[in-house]
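Only the coordinates and a few stated rules stand behind these numbers; no lab work does. In this text, all values refer to a predicted model and were calculated from it rather than measured experimentally. Here the Cβ positions follow ideal geometry from the backbone for every residue, glycine too, while neighbour counts run over all protein chains shown.
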Amino acid sequence: MIRENIRVVNSTGLHARPAAILMKTIKKHEASVTLINNGKETVIKGMMGLLGAGVKGHSNIEIICEGSDENNLMSEIRDLFSKGFGEKE
């Protein structure tokens, strides 16, 4: 299991488009993902759970990856967030 604090750099947070990109990335891997936002833990199993986590722009969240390919998954998630899911500011 690995944990990492991640900064949400895009101003709109995890709305539908970034959430869809993140879900596509998660589904490529076997590791599970838990997102912690404002103290609320959400095990990410689908789009509704991810959108329901209420991740706002310019906030800090914690991601937990657990499974055989957790390091690769965390690396991809970190990269998506650092690039703001390709959204121009």
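Things worth noting here:
- The long axis of helix 16-27 is offset from the longest Cα principal axis of the chain by roughly 10 degrees.
- For Ser82, Ser59, the sequence from fewest to most other C-beta atoms within 10 Å is Ser82, Ser59.
- Amide N proximity, the range 67-86 versus Ser59 label position 7 Å along Cα-to-Cβ, cut-off under 20 Å: 77-86
- Whole-Hz couplings from phi, Karplus 6.51/-1.76/1.60, listed for the range 62-73; x for Gly and Pro: 10, 10, 10, 10, 9, x, 4, 10, 4, 5, 5, 5
- Reachable lysines, given that their alpha-carbon falls under 24 Å from the alpha-carbon of Lys45 and they are not under 8 places away in the same chain: Lys24, Lys27, Lys28, Lys56, Lys83
- Global form of the range 2-86, assessed from the alpha-carbon gyration tensor, a/c cut-off 1.5: rounded
- Computed lengthening from Ala20 to Arg78, 0.36 nm per intervening residue step minus Cα-Cα distance: 19.3 nm
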